[in-house]
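> Structure below; questions to follow.
Each reported figure results from applying straightforward, stated rules to the coordinates on display, with no laboratory input. For clarity, every value in this text was computed on a predicted model and none was experimentally measured. Every residue, glycine as well, gets a Cβ built from its backbone with ideal geometry; the counts of neighbours run over all protein chains shown.
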Amino acid sequence: MRSGAKVGIVGGVFVVVAGGVAYGGYNLWNGITGGSQDVGTRSAPRSGPVTAEEVTATARDFLAAWAAGEPERAGQLTDDPVTAGPAIAAYREGGGVSEAVITAGTPTGTTVPFTVRATVTYDGVSKPWTYESRLGVVRGASTGRPLVKWTPTVLHPKLTAGATLRTGTAKAPAVKAVDHKGVALPPEKYPSLVPVLDALRQRYGAKAGGEAGVETWIEGANGMPVGTLLVLSPGKPGELRTTIDAGVQAAAEKAVKRFPKAAVAAVEPSTGAVRAVANNPASGFNTAFQGMQAPGSTMKIVTAAMMMRYGVARPGSAVECPPDVRWEERTFENLGRFATAGDLTNAFAMSCNTAFIKAITPLKDKGVHNTALGDTARKWFGIGEVWSVGVQTTPTDGSVPESAGSETAASYIGQGRITMNALNMASVSATVRDGRFRQPYLIPQDVDGREFATAEPLPGAIADGLRTMMRAAATSSVGTAREAMAGVPGPKGAKTGSAEVADQDANSWFTGYSGDLAAAAVVEAGGHGADAAGPVVADVLKAR
């Protein structure tokens with residue numbers, strides 16, 4: 001403890017005054033009272049789960065040391081003092097936290113929730129800041145001591161490894177985002193846009209004509225802001241026009257809230273303009289743009305294009321659809337082991353796995369069965385290219401790697417190592433609707449002159465064939481997308497999908513188009529595509 005420290009009680013909370021700056025804690029660490037154990041009387045290290053008393057005492061000591069402005073002492077009470085001590089020091093110094101009172105809640109097992117009520121001060125301006133976090137207590141592997149399990153989220157729930165707290169003049173002015181018609185997009189009305197707008201601000205804020213204010217933010221390991229936590233002085237926001245459509249965005253926000261984990265994206269086929277992006281949870285990771293998940297049978301759109309490209313089958317070609325098929329020592333089945341007869345359009349509408357896997361044999365004869373799907377995805381759909389959307393997406397937008405063995409069969413039905421997200425699959429439907437790939441974008445290209453990804457137009461017969469099959473899936477009596485698309489106006493087309501994931505129900509996928517709008521959604525553990533993701537996409541398409 002620094003010399004001159006004074007102890008008092010404010011509102012039932014102990015306060016330590018050190019160096020003229022007040023930090024609060026709900027109790028005092030045992031260094032003030034001389035500790036609880038004398039040298040020479042220490043017993044052997046304890047083992048086993050931490051006790052309730054140890055959880056309470058360890059949390060008490062750590063929070064009090066943090067509140068007292070003693071980062072080294074607080075760090076020593078964690079299982080990673082080398083990382084924790086400097087992080088706690090940076091919280092106070094870099095974040096400009098001039099006062100803090102920490103109040104603990106009731107422990108649950110080894111977890112202790114707490115509330116931080118702080119004051120942030122910079123250049124003579126102060127503002128209160130309140131948030132909640134939690135810590136966990138574990139037993140030290142070598143010492144047996146109860147210790148706080150260190151993670152950056154202890155200091156703030158949005159902190160990540162390598163990130164730190166900063167207060168000062170913002171690196172970029174705030175932006176007031178508007179949709180493509182000039183309608184304002186306030187974050188309180190469109191919560192899914194918060195991480196998107198934060199990213200747009202860092203990239204385009206200086207171009208939007210605003211003036212930076214004073215803020216507290218999280219600075220990532222790369223030195224770039226990743227989220228504003230507190231605004232001390234607002235500055236002057238600049239206006240930034242996006243391609244979002246406020247009406248479609250509102251429908252997307254509402255639709256994803258039906259499920260604990262869901263994402264949807266909507267794209268205008270004639271231009272590539274992104275008209276909506278929504279996630280639940282709304283804050284944090286942008287699953288719709290950055291997710292990397294197997295897309296299930298929605299991938300059959302690309303597989304069907306591949307089959308037509310290589311002359312394996314066309315929409316009216318008779319195909320086999322047995323209940324199961326074997327390839328490279330692995331058996332693949334249709335849902336419920338159904339079987340049917342008919343043409344490729346019927347197999348597509350019913351989402352017959354085996355009909356599409358059987359395409360391997362003729363493609364193997366051509367020597368392209370392991371590469372044809374990825375080549376087709378890139379050639380006509382822009383999948384695997386880098387899309388300059390305006391905000392971060394995935395390293396490559398969609399991934400259809402070369403496959404081998406049974407993995408090739410799995411890839412033809414959207415499993416294996418194929419990864420997509422809602423934006424990628426919305427673009428696939430948009431490409432079918434328009435007949436050519438137009439790279440999705442959130443900020444017009446002329447704002448910064450960035451280069452867009454390109455792909456070859458779909459040959460006319462293949463585009464027509466894909467539209468025929470997607471229309472059958474959305475409208476025919478056997479179409480798996482018919483019920484979800486029933487109220488969606490035409491011209492329309494769709495494809496359902498479900499993707500198997502270890503240790504949980506299948507992810508629900510759905511993609512489709514109506515008029516000049518295409519959309520795709522994924523619902524984690526949602527099951528069949530028509531059951532969960534289908535209604536999400538339908539509601540978005542109806543909003544146009």
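> Which net charge results for the neighbourhood of Ala262, defined as the other residues with beta-carbon distances under 12 angstrom from its beta-carbon, given Lys and Arg at +1 and Asp and Glu at -1?
Working: positive: Lys254, Lys257, Arg258, Lys261; negative: Glu253, Glu524, Asp539.
Computed value for this residue: +1.
> First select every other residue whose beta carbon is under 12 angstrom from the beta carbon of Thr480; then total the charges, Lys and Arg +1, Asp and Glu -1. Write down the numbers at each step before the final one.
Details: positive: Lys300, Arg482, Lys495; negative: Glu483, Asp531.
Result for the local shell: +1.
> Another question, then. Could you tell me the convex hull volume per residue, in Å³, taken over the Cα atoms of the stretch 248-542?
Residue-normalised Cα hull volume stands at 116 Å³.
> Measure nothing fancy, just the Cα-based angle from helix 81-95's long axis to the longest principal axis of the chain, in degrees from 0 to 90, nearest 10.
90
> How about Lys261: which lysines have a C-alpha closer than 26 Å to its C-alpha, ignoring those fewer than 8 places off in the same chain?
Filter leaves Lys158, Lys189, Lys300, Lys495, Lys542.
> Then there is this: Give me the percent of Cα-Cα pairs in the stretch 51-163 that sit more than 23 Å apart, rounded to a whole number.
Working: 1489 of 6328 pairs.
Summing the P(r) tail past 23 Å for the stretch 51-163 gives 24 percent.
> Just how many % of Cα pairs in the stretch 175-242 lie over 13 Å apart, if you round to the nearest whole percent? Spell out each step's value before the answer.
Numbers: 1521 of 2278 pairs.
Looking at the stretch 175-242, the distances longer than 13 Å represent 67 percent of pairs.
> Skipping prolines and chain starts, which residues have an amide H placed within reach, meaning under 5 Å, of the one on His528, given they are 5 or more residues away or on another chain?
Under 5 Å from the amide H of His528 lies no amide H from a residue far enough along the sequence or on another chain.
> Spelling out what I want: for every residue of the stretch 532-541, take phi, set θ = phi - 60°, compute 6.51 cos²θ - 1.76 cosθ + 1.60 (Karplus), and round to whole Hz; glycine and proline get x.
So the J values, rounded to whole Hz, are 10, 5, x, x, 4, 4, 4, 5, 5, 5.
> I would also like to ask the following. Give me the dipole magnitude in Debye, nearest 20, for the chain about the Cα centre, with unit charges on the beta carbon: positive for Lys and Arg, negative for Asp and Glu. Intermediate results must be reported in sequence, preceding the final value.
Details: 52 positive and 48 negative charges, 117 e Å.
The calculation lands at about 560 debye.
> Would you kindly derive the ³J(HN,Hα) couplings of the stretch 207-212 from the backbone phi angles with the Karplus curve 6.51 cos²θ - 1.76 cosθ + 1.60 (θ = phi - 60°), listing them in order in whole Hz, with x for Gly and Pro?
Values per residue, Gly and Pro as x: 8, 8, x, x, 10, 5 Hz.
> Please list the non-local residues whose amide H lies under 5 Å from the amide H of Trp150, H modeled 1.01 Å from N, same-chain partners needing a gap of 5 or more.
Excluding prolines and chain starts, which carry no amide H, the hits are Asp79, Asp80.
> Translational diffusion coefficient, Stokes-Einstein: compute it for the stretch 72-138 using the Kirkwood radius over C-alpha pairs as Rh, at 10 °C and 1.306 mPa s, and state it as an integer in µm² s⁻¹. Intermediate values should be presented prior to the final figure.
On the way: Rh = 13.2 Å.
Translational diffusion coefficient: 120 µm²/s.
> Under 24 Å from the Cα of Lys207, which lysines turn up, not counting those fewer than eight places away in the same chain?
Reachable lysines: Lys171, Lys176, Lys181, Lys236.
> If you wrap a convex hull around the Cα atoms of the chain, how much volume per residue is inside, in Å³?
Values: hull volume 92.8 nm³, N = 544.
Spread over its residues, the Cα hull of the chain gives 171 Å³ apiece.
> Under 5 Å between amide H atoms, partner at least 5 residues away or on a different chain: which partners does Ala273 have, H built in plane at 1.01 Å?
Under 5 Å from the amide H of Ala273: Glu268, Tyr441.
> Work out how far the C-alpha atoms of the stretch 342-430 reach from end to end along every principal axis, then list the three figures in whole Å, largest first.
For the stretch 342-430, the Cα spread along each principal axis is 43, 27, 20 Å.
> State, as an integer percentage, the relative contact order of the chain based on alpha-carbon contacts under 8 Å between residues 6 or more apart. Write out the running numbers ahead of the final one.
Numbers: 1312 pairs, mean separation 58.8, N = 544.
So the answer I get is 11 percent.
> While we're on this one: Could you size up the charge dipole of the stretch 248-542 around its Cα centre, putting +1 on the beta carbon of Lys and Arg and -1 on that of Asp and Glu, and report it in debye to the nearest 20?
520
> Return the calculated 222 nm mean residue ellipticity for the chain, to the nearest 500 deg cm²/dmol, obtained by summing -39500 (n - 2.57) across DSSP H runs with n ≥ 4 and dividing by the residue count.
Result for the chain, helices only: -8000 deg cm²/dmol.
> Next question, about the same structure. Residue by residue, what Karplus-based ³J(HN,Hα) values in Hz, rounded to whole numbers, does the stretch 246-255 have, using 6.51, -1.76 and 1.60 with θ = phi - 60° and x for Gly and Pro?
4, x, 5, 4, 4, 5, 5, 4, 5, 5
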